[in-house]
Each structure stands twice: as structure tokens, then as C-alpha cells.
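Each remark here refers to the structure printed beneath this line.
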Amino acid sequence: MTATPVTDSPARPAFARDARVVVPTRHPGRWAMAAVILVLVAGAITQVIGNERFQWDVVGDYLFAEPILQGVARTLMLTVAAMTIGVVLGVVVAVLRLSPNPILSSAAWAYSWFFRGTPLLVQLLFWYFLGALYPTIGAGSFSWSANDLISPLTAALLGLGLNEAAYMSEIVRGGILSVPPGQAEAASAVGMRRSQVMRRVVLPQAMRVIIPPTGNETIGMLKHTALVLVIGYSELMTSASLIYSRTYQTIPLLIVAALWYLAISAVLSVGQFFIERHFGRGFSHHRVSRRGSRATRKGEAVA
Amino acid sequence: MTTTTADEPMFQAWDVHKSFGHVEVLKGIDMSVERGEVVCLLGPSGSGKSTFLRCINHLEKFDRGEMWVGGQRVGYRPHGDKLKELNEREVAQRRSGIGMVFQGFNLFGHRTALENVMEGPVVVRREKRAVAEQRARDLLGRVGLADRVDNYPSQLSGGQQQRVAIARALAMQPDLMLFDEPTSALDPELVGDVLAVMRQLAEDGMTMIVVTHELGFAREVADRVYFMDGGVVVESGPPSEVLERPREARTQAFLSKVLA
Ligand SMILES: Nc1ncnc2c1ncn2[C@@H]1O[C@H](COP(=O)(O)OP(=O)(O)O)[C@@H](O)[C@H]1O
Ligand SMILES: [Mg+2]
């Protein structure tokens, strides 16, 4: 190393006449790519719409037909109800799974092993035919005929919900484990009890990790509800198939069903966006919440 | 909260033993801290300082011995001639009167500075939000963060986060404050702000047990210093003795290493 003179600032090199301004980087490639994609998509759409074998007039006739709308309503109801059961029970199973009590954690493990390890179709049929295995449910004067209790709807909700809970429990467990243990320790140190630690500190932060795969599960559930066909409950797919088995307009009715599934998925994705934003507060790197940014600016003004 | 009489120590430990598996990391610790006293715990890494501190609010269990805070037994109750663990509610209740500040801050990431400080009083003490908020603002003002109340932890520097963490612990109006290397994770230029807050706290009469490598702080603020090594207290006394004229070879070796 040769000795260099120590100065406060480096000498300005000769080529640096003025301090220069950085111009934003342009992305001409992106625009070209966008144009290509736009042309391809427009071509595909005109091709599909122009093909009269798709029978768009039939699609139009049935899109808002009474039985289809009823099917949409039932699909939505099944999805919401089964996911609610799945999420609530899934959280319970996940918390039990992480319990220090080995009995509880093994029971929770066995639950998700069983319900993930058998086909959903089998589970649905099993609930539906429970009456054949156990003609009465309950004990003594508190007993009911299983056939009265297990309607196609209850069998559908039990089958879809309990199965979903097994998957959700793994998602929730992953979320809980993603929260640094220091968070729970700090919460315990101020005197919170285990349930308060979980509710107030761990789960809200686990949500960031839990929400995206739960969005997947919900959209998956939307389509899995079609399986309840096997136990005689009807929803969107059943309504569509009942019509095309009568009229043989199979393709247009499948399109009707697909359009509804797409529309509902879009609404669910928008919902997911807002839920993610809510639980991301305090963590986003790109976006500073309005309250936070105001305070930051104020802070800088003072500093 | 406190049931001590004025001359009874705020904290006492007798013969505390603790093993992780077959490794004994605390081998019979005795300690006594008077009300309003500041005690610094020094010692090489792995000597059991954090483990001892965590036993005080029962974040860690111990196998033998006794600990008392403010006239109450910590973690266990007598059961015949043995000790039995307290139930969850009792453990939580004891912890709420002991403040703890961690090396890694551990602020609740989804809550603003103000909400972090309010969380304990609102959730554990069931205080009215308005009351808790007023005290939280006062406390954040005291640690020099009046203009940062609405910031999330990710928007604060390490030094600011640690001061929020101190305010969060103080919000529970603790009898005793525990600090586990509160400045070890900070950039050097931020250490001073945190130490200044702790010094003020000591002047205000808070009883404090501080694990630290900041010898300057120990010398100026501590009433007494404990030097730990290998799970035992090697030497204890006023800083003027332990830090200036250590009697034990292990203390001398440690100090010369830290000062080098
Ligand atoms: N959870 C744990 N499981 C097993 N060993 C541990 C655990 N926590 C600490 N130890 C061990 O206990 C000893 C004391 O650790 P610690 O109290 O953290 O020391 P210090 O804070 O003085 O650096 C170390 O040998 C460490 O490896
Ligand atoms: Mg330590």
C-alpha cells in the first residue's frame, strides 16, 4: 500500500464536470412483450367467440337461469360453511399439535393423518352412510335416528369441513412456527396466559403466512364442493349436468359453470388481497401504512 | 402487589440448580438484591447468566433451590418437603410484576410502539384503553420516543426498539426489572441512548438485575456486581472491588479479555 494523502472528501475526477441526474431506467422490452401478448389474447378471444359450435346463445340463455343461480348459491354456501369449519377446527388441531402435552399432540397428529390419508370421496360417502353403521346416535333418551340427523347437507358439511380441517391444521401449524419464539416469550413475560399469547401475539402474526395457502384451499374447496354430487346434494356442477343430460348441450353448460367458478374465484382473490393487507401491517417492506408514514414524516421533521 | 417490608430484599435466590438434559448449567446460585438496588451480572458467554435471569420469571424451570421476588415464591409452591410448580394463572400473575428486556428486543411486530406498550396493561390488567394509552404515551416520552408512537417496530432503529421494549416492561409497573444484554445487538452509536434510559431508571429507584458486558455502565450504575462462570458465582461485591481489584483469577482473566 502506498501512502495516500488523507483528505476530507475524495478529489473530484476531471470528467465529473457537474453532478449528474440519474434518469429512470426504461423498459422497451416490456412494452413489446405486452403488445405481443395483447395480440395473442385478442386473437384467441375472437376465435372462441366466433366459433358458433360453442353455442354462445345457449350460454347466454342459461347463465342466469333459475337452477343455475340456485346451484351457485349452494356452491357458495357449501364453500363458506366448509371453509369456516375447516379453519376453526384447523386452528384447534394445529394448537393441540404444538401442545407440550404428548397425548394431545399425538391425537392431533392422528387426526390429520387420518383425514388427509383417506380420499375425500370415501369420507363423504362414509358420513352419508353413517346411518347404516350406527342406526341411532346418542345415548338413552338423548338419541336420534342417524337417518334424520345425517341429511345430504350435513354429510356434505362434515365430509368437506373435517377433511379441510386436516389440511388447514398443517397450514396453521406452519404459520405458528414461522413466528419467532421471542414473540411468545415477550408476551409471556408481560404476564399473558398461553391462550392470550396465542390470540393476541402469535396467531395475528402467523396470519401473514397462513393467508396465501388458505386462499388456495378456498378456491380448491369451491371446486371440490362438486364432489357432493355422489351423496345426492346438488350445487353448481350438479345443476349444470342435470340440464345437459336432458338437452345434450354439454359444452355451453360446462362454459356456464366455468364462468361462474371464474367469477367467484375473482371475488375471493380480491377478498384475499384485502385480508393480506390487513395482516401485513407492520411488516410490508414496500408500503408504509398511512398512520405509520405520517408519524415517520413527523419524526423526521422533528429530528 | 408487593408484600415485602421495607428492609426485606426485593429478590432472593438460594442454591438454584438447573440442568439441560445431563448438563448442569446452574450449580447452586445464591443472590440477594435489595429494594432499589442495581445488580450487574457479568461473565463469559455460556456461564448461565441468561438461564438464571429467565428462571426469575419462570421462562425457564429450575430443578432445586428457591427464588423469591417481592416476598412471593417464584415458579413453585411448597408441597410437603418438596416444591411443586405453580399453575399457569399463578405463573402469569407473578410474571406481570417482573419486567424483562431481551437482547433481541422482541417487540410485537404487528403493533405500533404505542400499542406495544399498551398491550400488557390492556390484556393482562384489563385497564381501560384511554388510561393505558395515556400512560403509554408518558412512558414513550420518558424514553425519548414521543414522536415515534405510531411507528411499527420495522420502522424503528434497534436503539429505538429497545427503548420501546423498556417502556413496554415499565407499563406493567413492575417491582423488579430484568435486562438480558440489552445493548449487545445494537450498533455502537445507539448503545448510549439505551444505557442513558437505564441509568435514569436506576436513579428513579427501580430494582434492576442487568446482564451486561458494558463495564462502564456496571462501574457507574451498579451497586453490586456478580461475576459468574461455569454456572457458579465466582465473585461478588461492589464494582469498585470486583472490577478494580478482582480477587479471583477467573475474574481477572475475564476482565482483561473484555477490556482488551
Ligand atoms: N434451551 C437450552 N437447551 C440446552 N442447553 C441450553 C439451553 N439454553 C442454554 N443452554 C446452555 O446452557 C448454558 C448457559 O447458557 P446461557 O444461560 O445462555 O449463558 P450466558 O447467557 O451466560 O451466555 C450454555 O452452555 C448453553 O449452551
Ligand atoms: Mg446470554
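The values are calculated or read from the model by the stated rules, or taken from the named source; none is laboratory data. Predicted, not measured: the structure shown is a model, and the values here were computed from it. Note that we place each Cβ from the backbone using ideal geometry, even for glycine, and neighbour counts take in every protein chain shown.
Which one of B:Glu24, B:Glu37 is near ligand 1 (Cβ under 10 Å from one of its atoms) and of a type outside the set (Val, Ile, Thr)?
Working: B:Glu37 fails: near ligand 1 (Cβ under 10 Å from one of its atoms).
Going through B:Glu24, B:Glu37 in turn, the sole match is B:Glu24.
Condition first: in a helix (DSSP H, G or I) and buried (at least 22 other Cβ atoms within 10 Å of the Cβ). Can you find one or more residues in segment A:131-144 that meet it? Reasoning before the result, please.
Within segment A:131-144, the subset in a helix (DSSP H, G or I) is A:131-133.
Applying the additional criterion that residues be buried (at least 22 other Cβ atoms within 10 Å of the Cβ) yields none.
No: segment A:131-144 contains no residue that is in a helix (DSSP H, G or I) and buried (at least 22 other Cβ atoms within 10 Å of the Cβ).
Each row is one residue, and each column tells you yes or no for (1) part of a strand (DSSP E or B); (2) closer than 30 Å to B:Gln134 by Cα; (3) within 14 Å of chain A (Cβ to nearest Cβ).
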| residue | (1), (2), (3) |
| --- | --- |
| B:Gln160 | no, yes, yes |
| B:Ala169 | no, yes, yes |
| B:Val194 | no, yes, no |
| B:Phe217 | no, no, no |
| B:Glu220 | no, no, no |
| B:Arg247 | no, no, no |
| B:Thr251 | no, no, no |
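Yes or no, residue by residue, for (1) touching a residue at least 24 places away in the same chain (Cβ under 8 Å); (2) assigned to a helix (DSSP H, G or I); (3) under 19 Å from A:Arg173 (Cα atoms):
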{"residue": "A:Leu38", "(1), (2), (3)": "no, yes, no"}
{"residue": "A:Met77", "(1), (2), (3)": "no, yes, no"}
{"residue": "A:Gly90", "(1), (2), (3)": "yes, yes, yes"}
{"residue": "A:Leu96", "(1), (2), (3)": "no, yes, yes"}
Completion exercise
Of the residues in segment B:29-45, those that are at negative phi and either touching a Phe, Trp or Tyr at 6+ places or on another chain (Cβ under 8 Å) or within 16 Å of ligand 2 (Cβ to nearest atom) (or both) come to B:Ile29, B:Asp30, B:Met31, B:Ser32, B:Val33, B:Val39, B:Cys40, B:Leu41, B:Leu42, B:Pro44, B:Ser45
Practice task
Would you check if there is a residue in segment A:223-237 being at pLDDT below 95, small (Gly, Ala, Ser) and either on the phi > 0 side of the Ramachandran plot or touching a strand residue (DSSP E or B) at 6+ places or on another chain (Cβ under 6 Å) (or both)?
Solution key: yes
Practice task
Report whether or not A:Phe126 is touching a helix residue (DSSP H, G or I) at 6+ places or on another chain (Cβ under 9 Å), part of a helix (DSSP H, G or I) and surrounded by 19 or more Cβ atoms within 10 Å (Cβ to Cβ).
Solution key: no
Handout entry: Test: B:Asp193 is in contact with a helix residue (DSSP H, G or I) (Cβ under 8 Å, 6 or more places away or on another chain), more than 16 Å from ligand 2 (Cβ to nearest atom) and of a type in the set (D, E, K, R)
Key = yes
Problem - Qualifying residue in segment A:171-182 (condition: within 14 Å of chain B (Cβ to nearest Cβ), under 30 Å from B:Pro153 (Cα atoms) and modelled with pLDDT under 95) - result: no
Fill in the blank from the handout: Only one of B:Glu66, B:Glu90 is among the acidic types (Asp, Glu), surrounded by fewer than 18 Cβ atoms within 10 Å (Cβ to Cβ) and not in a strand (DSSP E or B), namely B:Glu90
Problem - Scope segment A:190-199; condition at the interface with chain B (Cβ under 7 Å from one of its Cβ atoms) and crowded, with 19+ Cβ neighbours inside 10 Å; matching residues - result: A:Val190, A:Gly191, A:Met192
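For segment B:207-234, which positions are buried (at least 19 other Cβ atoms within 10 Å of the Cβ) and more than 16 Å from ligand 2 (Cβ to nearest atom)?
Those that are buried (at least 19 other Cβ atoms within 10 Å of the Cβ) and more than 16 Å from ligand 2 (Cβ to nearest atom): B:Thr207, B:Met208, B:Phe217, B:Val221, B:Ala222, B:Arg224, B:Val225, B:Val234.
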Practice task
Name every residue in segment A:47-92 that is β-branched (Val, Ile, Thr), modelled with pLDDT of 95 or more and farther than 18 Å from A:Tyr233 by Cα, in order of residue number.
Solution key: A:Thr84, A:Ile85, A:Val87, A:Val88, A:Val91, A:Val92
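Would you confirm, using the coordinates I've provided, whether B:Val74 is in contact with a strand residue (DSSP E or B) (Cβ under 6 Å, 6 or more places away or on another chain), at the interface with chain A (Cβ under 10 Å from one of its Cβ atoms) and either aromatic (Phe, Trp, Tyr) or buried (at least 20 other Cβ atoms within 10 Å of the Cβ) (or both)?
no
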Exercise for the section: Tell me, yes or no, whether segment B:52-62 has at least one residue that is touching a strand residue (DSSP E or B) at 6+ places or on another chain (Cβ under 9 Å), of a type in the set (Val, Ile, Thr) and more than 16 Å from ligand 1 (Cβ to nearest atom). Expected result: no
Problem - Conditions (1) crowded, with 20+ Cβ neighbours inside 10 Å; (2) closer than 19 Å to A:Val87 by Cα; number of the one not met by A:Ala187 - result: (2)
Handout entry: Any chance B:Asp180 is touching a residue at least 40 places away in the same chain (Cβ under 8 Å), away from ligand 1 (no atom under 16 Å from the Cβ) and in contact with a strand residue (DSSP E or B) (Cβ under 8 Å, 6 or more places away or on another chain)
Key = no
Handout entry: Within segment B:63-76, tally of residues that are within 16 Å of ligand 1 (Cβ to nearest atom) and under 25 Å from B:Arg199 (Cα atoms)
Key = 0
Problem - Index of the failed condition, B:His110 passing every other in (1) under 28 Å from B:Phe11 (Cα atoms); (2) within 11 Å of chain A (Cβ to nearest Cβ); (3) buried (at least 21 other Cβ atoms within 10 Å of the Cβ) - result: (1)
Handout entry: Every residue from segment B:95-107 that is farther than 21 Å from B:Val149 by Cα and more than 8 Å from chain A (Cβ to nearest Cβ)
Key = B:Gln103
Completion exercise
Of the residues in segment B:113-146, those that are at the interface with chain A (Cβ under 10 Å from one of its Cβ atoms), over 24 Å from A:Gln196 (Cβ atoms) and surrounded by fewer than 20 Cβ atoms within 10 Å (Cβ to Cβ) number 1
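Per-residue answers, yes or no, for (1) within 16 Å of ligand 2 (Cβ to nearest atom); (2) more than 28 Å from A:Pro181 (Cα to Cα); (3) outside any strand (DSSP E or B); (4) within 14 Å of chain A (Cβ to nearest Cβ):
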{"residue": "B:Lys27", "(1), (2), (3), (4)": "no, no, no, no"}
{"residue": "B:Ser47", "(1), (2), (3), (4)": "yes, no, yes, no"}
{"residue": "B:Ser50", "(1), (2), (3), (4)": "yes, no, yes, yes"}
{"residue": "B:Arg54", "(1), (2), (3), (4)": "yes, no, yes, yes"}
{"residue": "B:Glu60", "(1), (2), (3), (4)": "yes, no, yes, yes"}
Practice task
Could you look through segment B:147-185, keep only residues that are surrounded by fewer than 22 Cβ atoms within 10 Å (Cβ to Cβ) and of a type in the set (S, T, N, Q), and pick out the one that is nearest to B:Lys128 (Cα to Cα)?
Solution key: B:Gln173
Practice task
State all residues of segment B:3-18 that are surrounded by 15 or more Cβ atoms within 10 Å (Cβ to Cβ) and modelled with pLDDT of 95 or more; if no residue qualifies, say none.
Solution key: B:Met10, B:Phe11, B:Gln12, B:Ala13, B:Val16, B:His17, B:Lys18
